[in-house]
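The values are calculated or read from the model by the stated rules, or taken from the named source; none is laboratory data. Model, not experiment: these values are computed from the prediction. FYI the Cβ positions are ideal-geometry reconstructions off the backbone, even for glycines, and counts take in every protein chain you see. Accessible surface is based on the protein model in full, side chains and every heavy atom, while ligands, DNA and RNA are left aside. Shrake-Rupley method; radii C 1.70, N 1.55, O 1.52, S 1.80 Å.
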Amino acid sequence: QVKLVESGGGLVQAGGSLRLSCAASGRTASSYHMGWFRQAPGKEREFVARISWSGADIYYADSVKGRFTISRDNAKNSVYLQMNSLEPEDTAFYYCAASLVLGAQKVGNYGYWGQGTQVTVSS
């Protein structure tokens, strides 16, 4: 069992940066592979980035490659998403999620989700 709580969202101008945090709790929280997803109004929830429990396997959606960085600190049971060069198209509700599947980038492969945090990028 793992509970996830996101923070760090907010309003930022295009070209700016934000760092999202996801605090995990539970006995085996650090054993999960983690992912970040986002969902804009009227759209499907989409994959953004993932990181394996060890941090050795990292993958990004094409839309955020070179701009976003996912990381984790297992000692703190936390996962982060550093977002640079933000664009209005990045505006969405961002969620962190936990999975037992290595390499998962589908919503259905993640069994635990946070409540989400809003990211709004103004032009």
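Things worth noting here:
- Residue separation of Ser31 and Gln13 scaled by 0.36 nm, minus their Cα-Cα distance, works out to 2.9 nm of gained length.
- Accessible solvent surface per residue of the chain, calculated while the other protein chains remain in place, 1.4 angstrom probe, Å²: 51 Å²
- Region 29-120, dipole about Cα centre (Lys/Arg Cβ +1, Asp/Glu Cβ -1), debye to the nearest 20: 180 debye
- Euclidean distance of C-alpha centroids, region 1-70 and region 71-111, integer Å: 2 Å
- Every pair of different Cα atoms in region 16-59 enters the Kirkwood calculation, which places the hydrodynamic radius at 12.3 Å.
- Taking all protein chains together, Phe93, Phe37 sort by accessible area into Phe93, Phe37, largest first [probe 1.4 Å].
- Note on Val64: accessible area approximately 0 square angstrom, rounded to 10, probe 1.4 Å, nucleic acids and ligands left out.
- At an R0 of 25 angstrom, the distance between the Cβ atoms of Glu89 and Gln115 translates into a FRET efficiency of 0.60.
- Label sites at Ala23 and Asp62, each approximated as a point 7 angstrom past Cα along Cα to Cβ, lie 3.8 nm apart.
- The residues packed around Ser99, meaning those with a beta-carbon under 10 Å from its beta-carbon, carry a net charge of +2 if Lys and Arg are +1 and Asp and Glu are -1.
- Rg and Dmax [Cα atoms of the chain; Å; Rg one decimal, Dmax integer]: 13.3, 42
- Accessible surface of region 23-115, 1.4 Å probe, proportion on carbon and sulfur as whole %: 49 percent
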